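Peer 1: What follows is a single structure, and I will ask about it in a moment.
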């Protein structure tokens, strides 16, 4: 384990896989589009514009879910934890066999 300068601290890796069912695709995409509209994005600097980016989210549930998943909230409220960074993505379908085998219990 590595420390971050403080002899009492330890840097760890937390691995998570979350399985969800989208029960209301319209609610998910509406939420994703609302968050996109509320984001502080300078559309003049982007390849996309707001209508086309919104259409992409509405047409792809996986992309919509990934756009609203907030990995920073996993450790919210846990004492003694400082969130340092992470990655979160969404995939369609069941997890790969290697993941199913490692999480079987």
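Read-outs throughout are calculated quantities, based only on the coordinates presented, and are distinct from any laboratory measurement. This one's a predicted model, so the numbers in the text were calculated from it and none came from an experiment. We place every Cβ from the backbone using ideal geometry, glycine too, and count neighbours over all the protein chains shown.
Peer 1: Please state the shape class of segment 25-103: rounded when a/c is under 1.5, otherwise prolate if a/b exceeds b/c and oblate if not, all from the C-alpha gyration tensor.
Peer 2: Oblate.
Peer 1: When the chain is treated as a GNM, springs tying every alpha-carbon pair under 10 Å, which of 27, 90, 66 comes out with the largest mean-square fluctuation?
Peer 2: 27
Peer 1: Helix-only estimate, please: 222 nm mean residue ellipticity of the chain, summing -39500 (n - 2.57) across DSSP H runs of length 4 or more and dividing by its residues, to the nearest 500. Could you put the intermediate results ahead of the total?
Peer 2: Values: 4 runs with 39 residues, N = 105.
Dividing the helical sum by the residues of the chain leaves -11000 deg cm²/dmol.
Peer 1: Treat the count of other C-beta atoms within 10 Å as a stand-in for reagent exposure and order 50, 12, 57 from fewest to most. List each step's numbers first, then the result.
Peer 2: Values: 50 14, 12 9, 57 22.
Listing 50, 12, 57 from fewest to most nearby Cβ atoms yields 12, 50, 57.
Peer 1: As I understand it, the value is the acute angle between the Cα axis of helix 50-59 and the longest principal axis of the Cα atoms of the chain; what does it come to in degrees, rounded to 10?
Peer 2: On a 0 to 90 degree scale, this one is about 70.
Peer 1: To continue, here is another question. FRET efficiency for residue 21 and residue 68, Cβ-Cβ distance as r, R0 = 22 Å, nearest 0.05?
Peer 2: Using R0 = 22 Å, I get an efficiency of 0.90.
Peer 1: Quick one: compute the contact order of the chain, relative version, from alpha carbon pairs under 8 angstrom and 6+ residues apart, as a percent.
Peer 2: RCO, the chain: 19 percent.
Peer 1: Calculate, for residue 10 and residue 99, the FRET efficiency according to 1/(1 + (r/R0)^6) with r their C-beta to C-beta distance and R0 22 Å; round to the nearest 0.05. Working shown, then result.
Peer 2: On the way: r = 26 Å, r/R0 = 1.18.
Calculated value: 0.25.
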